Each structure stands twice: as structure tokens, then as C-alpha cells.
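Worksheet: the structure to be examined is printed underneath.
The values are calculated or read from the model by the stated rules, or taken from the named source; none is laboratory data. Small disclaimer: the values here were computed from a predicted structure and weren't measured. Note: ideal-geometry Cβ built from the backbone for every residue, glycine included; neighbour counts use all protein chains shown.
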Amino acid sequence: MVNLINSKNKFKKVPGILFGLLAVVCIFSITTPYFFTLNNFINILEQASILVIASFAMTLTILLGKIDMSIGSIMSLTGVVTGLMIHNGMPVWISVFLGVVAGALLGMFNGYLISYQGFDFWIVTFSSMGIIQSLALVITNGATVPGFGNDFRFLGDGSLFGLPVIVLIASGITILLVFLTLRTTFGSNVYSVGGSEQISKYAGINTEAIVFKTYILSGILAGIAGIVLASKVNSASPIAGSGYEFDAIAATLIGGTPFEGGRGGIVGTLIGALIIAILMNGLNLYGFTPPIQFTLIGFIIVLIIIIDVLNEKYKAKKWGK
Amino acid sequence: MSIKNDVILRLENITKEFPGVLALDRVSLEVKQGEVHVLLGENGAGKSTLMKILCGVYKKDGGKIFIDNKEVTINGVKDAEKLGIGIIHQEFNLLPFRDIAQNIYLGKEPRKNLKLVDVIDRSVMYKKCRELLDSLEININEYALVKDLGVAQKQMVEIAKALSSEVKILIMDEPTATLTKNEIDKLFNIILQLKAKGVSIIYISHRLEEIKIIGDRVTVLRDGKYIGTVEVCDTSTDELVKMMVGRKIENLYTRTYNKIGKEALRVEGLTLNKRIRDVSFKIHEGEIVGFYGLVGAGRTEVAKTVFGEYKPDKGSIYVFGRKLSKLTPTEAVKNKIGLLPEDRKEEGLNIKMSVKQNIVQASLKKVFPSGILKEELELEISKKYIKELNIATPDAHKIVKNLSGGNQQKVVLAKWLLTESDIIIFDEPTRGIDVGAKAEIYEIMDELAKKGRAIMMISSDIKEIMGLTDRIYVMYQGKIVAEFDHQNYNQEKIISFAIGKGEKHG
Amino acid sequence: MASNNIKLLIKYARFFILILLFSGFSLLSPHFLTFQNQMNILAQAALLSMVSYGMTLAIVTGGIDLSMGSVLALSSCIAASFLKSGNIIGGILIGLIIGFLCGSINGLSITKIGLSPFIATYGMDWVARGLAYVYMGGTQIYGFSAVFRFLGSGQFLGVPALIYEMAIMTIVLVFVTYKTIYGRNIYATGSNKTATRLSGVNTDKIIISIYSINGLLSAIVGLLYISRLNAAEAVIGTDFTLNSIAATLIGGTPFSGGEGGVAQTFIGAVIMTLLTNGMNILGISSYWQNAVVGFVILFSLFIEKTGKVLSEKRFESVSKTSINA
């Protein structure tokens, strides 16, 4: 008989990551004077919020055993769509709503091609990354949509009950997604499809519908991230979101959701995204120029991915498969 | 029970075609309420295909299905479930990283009544799961992850999964293949309980001794065709075997035992993380050596480790007395070892490529020493082997995918004949192949042994392995537990070693 | 039979597209058919086709190479500083070596570490682009010697040098992929890696070599590109990656691997160049370009799928579960 295992399995991996988080915080606290200050922590949380939301979008698709490379582009497009609508006199809340709808439609586009047409998820989302990026440039004619009024800026820059609104949004989404993935049949099915599409089919699950819906959800989340980003930086650049997909993949992997899908989850990704945000903040405090930061983060992320894949391989060997 | 004679399920003239094979040819079957109906047949007879049609995994190409005398259409797994059909698949259908309850209630989780989203009622789910496990006397925590279970425990979870919804007809596809004696008894108890409740069971097996214990009636399939249905109590085992394999059984195996030559392959202390443990054996020129054991006993792993596909943790391999320093498939081929893998279509062949391309794939450097391909030469060589091995293909350009299983296997064989391999490993060489082609492959193997090749043969077909080999190694849980010479072959003894009970029997 | 007609249509789809584009643009714009413009298109196609050949090799082996654009930038930027100092041979060599190394690292991380080709090469894309930025520090290098400039912008007998270079490259690669053992093993690896490895082919070596060749091709195109532009900066080459995927797929090399090839990709590269050139002539904003390219890729996937469905129509594919009873 196996040792009877308790029910806390899904949190098993978290302590390891928390340790990583702690390590990163310590290093930066010791090596830079400004890092360990309340101001900087709030700053980090604000920075991290957008990445957290974008990373959730990525995590859902990776849980399925797939990926969404178009997240960054969707962020750019929804940002400029919302921004342009506001500038054309549309009420802020309608603009925001339509921006999220745009994200949902883009996710639907990806999801349809992957689930119902059966195309490879890499090539589909990589192509749509190009298409969506291109659309964002077309509708803005390459220019950045400039500053907004205070009502829109409230989302990314305001505060409520003494807390930044942006952090509240990210927290709300986290709670919703934790509930969705761990307590609903939809969430359970996402894990199952990621574990094995065939077994899920045998169990009568409509796997195509699950994939389709997950990509829509991913699109919605990327849309929210894009809009909040525009609000935070007080402008909507048609390339504002580019590169977020890469950070989001890293956050997901660090958080313990491997490329194979079927395990890991939202809580891990939250911590993964925090680690990345702290890294970026720290590198910034060291005074590296943006190109060097960009390259260093790239190196670190590649390293993280490599370690993660090797770790999976090692574990797979240990389980004898 | 008095209702025992009602026919609950009737299949009429079910036909199913796969590329290159007619898997089921107008097969009919009647199952009565509360009976254990055994479906008997060799590998490739069509049993699993028929059951997959019944439970909605495959679509039939022709025929009708009646339940309670009403014609039904089954277009998917859900349809079958609604009709009260449950199945325990041959392969495990469990998600390793989900817990027991999540696996058992996969796709049918108990829900709370909320309008917006379907919320799983976890307390009900785990409670129901515990009750189900208790009723089946399965002593595993419902929160345990499947990846942490042993093979037999997984099998019990599969059974629980099938019984978690109301079933009228339960299909069991070789449920005892991985169970120990104790667990088999437990399973039989469960079957008796289900019978008493009026559940009909379709039991797929080729262990004849089990049929006697548990079965009421037997239907035999052979090569995708219906052969007949008999009552278990009025039928002898010999009769069943005859129905199963047809009359060709006497002359199916041709084997001329030759003089054994010098040692060709010697393996010492091979160990592969938990899957193979300290395996040592020898194969000589002119010898066919069988490896028998249950699925998962480690036979395929031994073959693939010898061939360099898996890297062993320990152990050495000697070819004609010379120790191999590097173990990779490339080295194995250089040392004239050939492998006909178990999974022909995924590992033995490039099914998207042509017959000729497949035949020369392992000998490119030998055939074209300059490195430049010559179409005519390739064609000429392929034609020679197509003729020699009697491969049924219109020409050498044909894509391998469109050939029948037997002919595909011959293409793999041609590949290793062209390399002039001294040591050839056959892993389940006749699985999914029709009887005619089987006999041809046996003949070729015998021919090869006569020519002094050393042959390692893995098979789960005890008749086949006993009929063809000089010696048999029996494997159990990654170890070689017994060795038999063909003079001492004893079916019961070999099987009892294979299921881990060898020591007691002596 | 109708389905046979569709099959033929699909088989020759890319030629129809080519003819359609060609005649369409000829009618729409008087500039299009001039010798000058035709030569210009071919010279552009030369650069794209050489990158696309690399992409094709990666896709034939069942992978992809998203790093080609950035490797192109990195190798040519570093080469440029040597070229500028007058060391032409040294500059070319260093560029080629850097390209080759980046490619080899891709190959190694795919085979030895086990990264998916997408992730491995996307990571390389980031790192190589980042290094190019760091190296250039936001500056440009321009004004190379006439000898070096000849490679990318010279003419011989009235025909751009690039076209000769493309012709040589095409002939060499067609020969290697269709006529040699190495080429056969590339296809075999792409169509079924396990079966090929179990036939004694060192598939890891094949894959590493393919990505190394890709790095080399990126570097070659990078050198020709800066020679043509007469300038090098860190941002160059970004469009090459997506464009070369489109050229490969629309050319008829399926994403599933093991089929298609360099010759088909040549047609694909001409189609893609015609498309972008035509869009320029018609005055369509260059911002549309990636959208068009992306749709071409998705359109190719549809063609590929339709072709497959038609050829396998008789048998519905269920799952890859084998038929054992």
C-alpha cells in the first residue's frame, strides 16, 4: 500500500518557490539600499500586477498542455482599442468593456483554430501574434495613443481603501481564478485535458469546447492586462505588450506548471510572476541600461526554462516512465 | 434470478474497417441479463475494437446495436454511459496528477446547484468516493494521486471508476492481466456481487482457466469474424482453443532445431532504474530465445536497452565476446543488431515514407558508400526483398501506411535483413497480424536461425513462444525469474513464474 | 470526381497564387512589370529565400527556428564593426562563426536538454537580439568598402549579384536534401524521429546540424543584407522570421514535418516577396504586412488540412490507439 497522502498536494510545490522568492528579496535587499523600502514594495506590486494577470492568461493555456504566444500582442491591441475609443468620446466604462470583448474575440480566434480546426497551437498563436501586432499598428498608424483623463487612470494609477486599484484588480482576478480552476467542473476539465486529451474524451468530456473556452478566457485576461497597462502608463502604445508572453511563460514555469500541462496552477504562477517582477525591479535599481536589462532577463528566463525542463526530465526518470 | 434469460444487449453484423485491415467483419453477439459473457480470441481478433464500438470510442461502419430490444445509436462515450454501459479499458485511463476521487468522477463530478458555473461538490464527491472504495474493499486514500499507486492499485481504481455510475452492462478488458492471485479473487467476488444485482458483464480474456471459474457463456472471435457462442459448462478447454486458433494450429509453427553455434550476445547485470533489475542472459548463433512475462515485466525495456535506446544504470553487453563501449542505436546497428519493435507503426517504420525508403533506411551508408543516393539501385534492392519476403505491395514506391500489418512487419524485417544483422530482436512480432502472415513470419524466423542468426523473441502468446524457441527466459517485475530449455517446456510452470508464483510451484 | 479536382487545385495552389499575384499586380500598376522592378523583386526574394531555406530545413525535421531574424542581426552587427575597420575576410568569418554558434546552441538545447524547438529558438531570439542591442549601444555602423558592398548590391551582366548567390545556394541545398544520405536522414527524422533513431541514425546529430546550418544561413543573409543596405544596426531582420515561416508553409512544406522541401520554398519566397512588393506599390501601409503574412500562414494550414482530409477521406481518424483486440 502506498503511504497515504494528504490532500494538500496541489500546494506541495509552493514552499520551494516561496524560498526562491525569499532568496531574491534577500539578495536585492543586501545589495541595493532602496530595495527594501515600503515605497519600492508597493512599486513592485504595482509592476507585478500586470504581469500577474498576463501570466494567468498564459498559465491557463499551459495547463491545457498548449500555449498562447499572442498574449503580448492582445495586450497591445486591447490597450489601443480602449484608448482610441476613449479619445473618440466613448464613455470610459464602455470603452473598457469593449476592450475586454476585443480580447475575448481574439482568444476565440485562437481557440477556434486550435480546437475545432485542429491546427498546431504553436504555429497558430505565433501567427496570430504577428497578425494582432500588425492590427494594433494599423489602427494607430504606428503612433502611441497619448494621455487619458482621471476616470480611466483610476484603474491603473488610483487607490481605493489606501491600496492601489491595480493591486486590488489583480487580487480579485487571482481569487476568481483560484476558485474557477480548483472548485468548478470547468477548472477540473482544464486539468484533465492537459493531463490527457484522450482520457478526457473517454470520460465524455467535450475537450474541444474546453480548449475553445480556455483560449477565450486567456484572451479576456490578456485584454484586461492590456487595458490596465495603458491606464497605468497613461498611454497606449501599439507595441506596449510585446514581450509579455515571454515573461508570462517564465512566471508560469517558475510557478510549477510545466509545459506538459495537467498540473500546477494559479497560486504558483502568482508567486512566479512576483519573482520576475522583483528581478526586473532589482536589475533596474542596479542601474543597468534597458538593453542590458532586456538581455539579462532573457538569459535568466532561458536559464529558468532549461532548469525546469531538466527537472521535469529528472522527475520523470524517478517515476520510472 | 428469474429474469436471467432476458437478452439485454444484442449486436448485429457489426463491421469496422481501419486502413488496410477489416477489423470486424459482420460480428454478432447476444448478452443476457446478469450473465458473465466471455469474449475470447487471440490478439488482433477484434475483441477490443468491438468493445470500443459498444462504448462509443469508435464508430462502427455497419451493423446494429439493440439494448432491451430497442435499437440504439451510440455516437460518443456519453451516449454509452446514458445507456448504462461501463468499461474498464485494457490500458489505464487514469490521470497521474489527479487524485483518486477526481479520476473516478472524471466528467461526472457531483455538482452544487449554482446557476452561473458548475461548482463541484467536493464534500459529496470525496464521501461518495470513500463509500465506493469501501464497498469494493479497496484500501486506498481517496486523496492519493494516481502517480503514487502501484499497478494493481491502479487496476482497482479503474474498476471503481467503471462502477461509479449506474451500469447495466460492464465491459472488462483483460482486467486480471496485472493482478495478483489475491486481487483476482477479490475481483471475482465483485463480479459475483454485480451478477447478483443483475448487471451483465462482458469479460475479455485469453486466460482459459479464468473462464472456467467466472464465465457463463463464451463467444469466440477470430480474425475479426464471429466463430460461435457456447455455454462454459458444456465446453472443454480444448474445444475453446480450437475455436480460438482454428485448425491451422498444428502446422503454424515450423521449427527445425539446429546446432547451436558460438555465443552471439551476452548481457550481464543489466539494470535500468527500477524497470530492469540485474538481468543477465546469453543468446547463441542459430538459437531463438524467448522472453515471456506479463505486460510491464520489463521485456521490451531489456530489448531496447540492448539496442541502445535506453541508457542502463549498470551492466554490460557483449557481442561475439566483445564488450560494447558505447550504447546507442547507431552503435547497435554498426554491431549488426537489428530490432523489430513492438510498436511497429510508431517505432519500426516511417509509415509516411515508401516501402523502398524504409527497406534501405538502416543500410544507407552500406548501399551508397559515396553518400549520394541512386534511385535505381534502391529500387533494385527493394524489389529483391519484396520478392524474397513475399511482401504484398503493388510496387516499391507505395507508402507503407497503406500496407496490411503483416506486410508492414515484413518491411521492417527486410530492413534488418539488408543490414545483414547477426542478432535480431523480435518484440511481439505477430501482434495484430492475420494468421497467414503469422505463419510466414514464423517460417522466416526459423530460416534465419538455420542460417546461424541469433534471435531474441519477446511474445505474450505462450503457444507461439513455446512453439518457436530453443529456450525461454521468464521475466517478472524487471527480473529474470526462470529459464526453460525446450525439452522442459511446461505451459503452467512458465505462466506461474510469469505471474510471480513460480517459487511455490517449484 | 469533384474531390479529385480539388486535390489537383490544392496540389498546384501555389502556382495559381503566383500567377494570380503576378498578373494582378501587372494590371494594377505600370511599374510592376519593369525590368528594374522585376530584378528588385528577385533580389529581395533572394534574401528571403535563403533564410526560408533554413526555416524549411527546421520545419522538415519537425521543428521551427524563431531565432533566425535575431541571429542575423547579431552576427551582422558584430561582423560590421570588423568590416568597417577594413578587415573584410575577418568580418565575414566572425559573422559566420557567430551565426553557426547560435544555431548550434539551439540544436543542443533542443536535443540534449529537450526544450521544444519553439521555446529554445524563441529564447535564442531574445538573447541574440538583446546582445545585438548591447553591442551596438543604439548606434549604427554604415559605409562599407566597395568590395564588400558588391556581395549584396553589385551587378554582373546586368543581373544583381544576389540572384547568382541565391541560385548557387538553391542548387546546393536541393542537391543535398534530395540526393544525399544526409538529406534522406533529414526527411526520415522529420517524419518519424523514433523509427529513424531505431534504424541506427543519430537523429540528435542531424537536428543539431540543421540548426547550425540555419545559424550559418542567417549569418550569410545578414552579411548580404548589410552589404545591400550599406549599414548595420540592432533592429534589422525582425520581419524575416515570420516571413520565412510563411514562405515555407505557403510553398507547400507542411508543418507536420518530413515532407516538402527547399525547391517548394523558393516558390513560397517569391510569392511572399511579390505580396510585400505589391503592397508597397499599391501604397498599402507597411503596418499591414505582418497581418497579411500571418494570414498566409493560417491559410497554408487550411490548404494542408484540406489536402490531408481528401486523401484520407475513406477512413475517419479516431485516435492513434492501435487495433489490438
Restricted to segment B:329-349 and to residues being closer than 17 Å to B:V360 by Cβ and charged (D, E, K, R), the residue farthest from the other protein chains (Cβ to nearest Cβ) is B:K336
Can you tell me which residue is modelled with the lowest pLDDT among those in segment C:293-325 that are in a helix (DSSP H, G or I) and at the interface with another protein chain (Cβ under 8 Å from one of its Cβ atoms)? C:K305
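This table checks each residue for (1) β-branched (V, I, T); (2) assigned to a loop (DSSP other than H, G, I, E, B); (3) over 20 Å from B:R277 (Cα atoms); (4) in the same structural domain as B:T300 (by TED's automatic domain parsing).
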site: B:T430; (1), (2), (3), (4): yes, yes, yes, yes
site: B:A437; (1), (2), (3), (4): no, no, yes, yes
site: B:E440; (1), (2), (3), (4): no, no, yes, yes
site: B:E443; (1), (2), (3), (4): no, no, yes, yes
site: B:A449; (1), (2), (3), (4): no, no, yes, yes
site: B:M457; (1), (2), (3), (4): no, no, no, yes
site: B:K463; (1), (2), (3), (4): no, no, yes, yes
site: B:M475; (1), (2), (3), (4): no, no, no, yes
site: B:I494; (1), (2), (3), (4): yes, no, no, yes
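Per-residue answers, yes or no, for (1) more than 11 Å from chain A (Cβ to nearest Cβ); (2) under 23 Å from the mean Cα position of the chain (by Cα):
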residue	(1), (2)
C:S85	yes, no
C:I94	yes, yes
C:I110	no, yes
C:S116	no, yes
C:Y135	no, no
C:T139	yes, no
C:Y142	yes, no
C:S145	yes, no
C:S153	yes, yes
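Residues in segment A:154-162: is at least one more than 7 Å from every other protein chain (Cβ to nearest Cβ), of a type in the set (A, V, I, L, M, F, W, C) and not in a helix (DSSP H, G or I)?
Narrowing segment A:154-162 to residues more than 7 Å from every other protein chain (Cβ to nearest Cβ): A:154-162.
From what's left, of a type in the set (A, V, I, L, M, F, W, C): A:154-155, A:160-161.
Next, from what is left, pick out any that are not in a helix (DSSP H, G or I): A:160-161.
Yes, that holds for at least one residue.
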Pull up segment B:97-117, narrow it to residues that are within 7 Å of chain A (Cβ to nearest Cβ) and in a loop (DSSP other than H, G, I, E, B), then point me to the one that is nearest to A:L177 (Cα to Cα). B:V117
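Sort out which residues of segment B:78-92 are in a helix (DSSP H, G or I) and surrounded by fewer than 16 Cβ atoms within 10 Å (Cβ to Cβ), and write them in order of number. Walk me through how you get there before you give the answer.
So in segment B:78-92, the residues in a helix (DSSP H, G or I) come out as B:78-82.
If the condition is that a residue be in a helix (DSSP H, G or I) and surrounded by fewer than 16 Cβ atoms within 10 Å (Cβ to Cβ), then B:D79, B:K82 are the ones that fit.
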One residue from C:I6, C:I19, C:I97, C:I89 being surrounded by 16 or more Cβ atoms within 10 Å (Cβ to Cβ) and either over 30 Å from A:V302 (Cβ atoms) or not hydroxyl-bearing (S, T, Y) (or both): C:I97
Close pairs from segment B:262-287: first in contact (Cβ under 8 Å) with a residue 24 or more places away in the chain, partner among the aromatic types (F, W, Y), Cβ under 7 Å, at least 6 apart: B:A264/B:F320; B:R266/B:Y318; B:V267/B:F281; B:L272/B:Y310; B:F281/B:Y473
For segment B:351-362, does any single residue satisfy the condition of being farther than 20 Å from B:V412 by Cα and either under 25 Å from the mean Cα position of the chain (by Cα) or not charged (D, E, K, R) (or both)? no
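Could you tell me which residue of segment C:169-197 is farthest from the chain's Cα centre (by Cα), considering only residues that are among the β-branched types (V, I, T), buried (at least 22 other Cβ atoms within 10 Å of the Cβ) and more than 7 Å from chain B (Cβ to nearest Cβ)?
First, pick out the residues of segment C:169-197 that are among the β-branched types (V, I, T): C:170-172, C:174, C:176-177, C:180-181, C:186, C:189, C:194, C:196.
Then keep just the ones that are buried (at least 22 other Cβ atoms within 10 Å of the Cβ); that gives C:186, C:189, C:196.
Subsequent filtering for residues that are more than 7 Å from chain B (Cβ to nearest Cβ) retains C:186, C:189.
Numbers: C:I186: 16, C:T189: 19 Å.
Ranking the qualifying residues of segment C:169-197, first place goes to C:T189.
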Does segment A:227-241 contain at least one residue that is in a helix (DSSP H, G or I) and either facing chain C (nearest Cβ under 10 Å) or closer than 30 Å to B:P96 by Cα (or both)? no
Test: A:E245 is within 14 Å of chain C (Cβ to nearest Cβ), buried (at least 20 other Cβ atoms within 10 Å of the Cβ) and either modelled with pLDDT of 90 or more or not in a helix (DSSP H, G or I) (or both): yes
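Can you say whether A:A203 is over 20 Å from A:M85 (Cβ atoms) and at pLDDT 90 or above, as far as the supplied structure shows?
It is false that A:A203 is over 20 Å from A:M85 (Cβ atoms) and at pLDDT 90 or above.
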Give A:V211, A:V190 a once-over and let me know the one that is assigned to a helix (DSSP H, G or I), at pLDDT 95 or above and more than 14 Å from every other protein chain (Cβ to nearest Cβ). A:V211
Which residues, taken from segment B:216-236, are in contact (Cβ under 8 Å) with a residue 24 or more places away in the chain and more than 22 Å from the chain's Cα centre (by Cα)? B:D216, B:R217, B:T229, B:V232
On the given criteria, is A:E312 within 23 Å of A:L21 (Cα to Cα), within 12 Å of chain C (Cβ to nearest Cβ) and out of contact with any helix residue (DSSP H, G or I) (no Cβ under 6 Å at 6 or more places or on another chain)? yes
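Within segment C:227-250, does at least one residue satisfy the condition of being in a loop (DSSP other than H, G, I, E, B), within 12 Å of chain A (Cβ to nearest Cβ) and either under 21 Å from C:A58 (Cα atoms) or modelled with pLDDT under 85 (or both)?
So far as segment C:227-250 goes, yes, one or more of its residues are in a loop (DSSP other than H, G, I, E, B), within 12 Å of chain A (Cβ to nearest Cβ) and either under 21 Å from C:A58 (Cα atoms) or modelled with pLDDT under 85 (or both).
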Could you go through segment B:448-469 and let me know if any residue there is modelled with pLDDT of 90 or more and closer than 18 Å to B:I359 by Cα. yes
I need every pair where a residue in segment C:177-204 that is in a loop (DSSP other than H, G, I, E, B) has its Cβ under 9 Å from the Cβ of a residue that is hydroxyl-bearing (S, T, Y) and buried (at least 24 other Cβ atoms within 10 Å of the Cβ), sequence separation at least 6 or different chains. C:V201/C:T189
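Condition first: in contact (Cβ under 8 Å) with a residue 12 or more places away in the chain and in contact with a Phe, Trp or Tyr (Cβ under 7 Å, 6 or more places away or on another chain). Can you find one or more residues in segment B:342-354 that meet it?
Let us first name the residues in segment B:342-354 that are in contact (Cβ under 8 Å) with a residue 12 or more places away in the chain, namely B:342, B:344-345, B:348-354.
If we keep only those that are in contact with a Phe, Trp or Tyr (Cβ under 7 Å, 6 or more places away or on another chain) too, we end up with none.
No, segment B:342-354 contains no residue that is in contact (Cβ under 8 Å) with a residue 12 or more places away in the chain and in contact with a Phe, Trp or Tyr (Cβ under 7 Å, 6 or more places away or on another chain).
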Of all residues in segment B:295-344 being part of a loop (DSSP other than H, G, I, E, B) and under 12 Å from B:V267 (Cβ atoms), the one that is nearest to the chain's Cα centre (by Cα): B:F307
If you scan segment B:299-313, which residues turn out to be in contact with an Asp or Glu (Cβ under 9 Å, 6 or more places away or on another chain) and closer than 20 Å to B:I472 by Cβ? B:R299, B:T300, B:A303, B:K304
Quick test of your reading of the structure: C:G200 fulfils all but one of (1) buried (at least 21 other Cβ atoms within 10 Å of the Cβ); (2) at negative phi. Name the failing condition by number. (2)
Going through segment B:136-170 in order, the residues found to be part of a loop (DSSP other than H, G, I, E, B) and within 30 Å of B:I67 (Cβ to Cβ) are B:L136, B:I138, B:S164, B:S165, B:E166, B:V167, B:K168
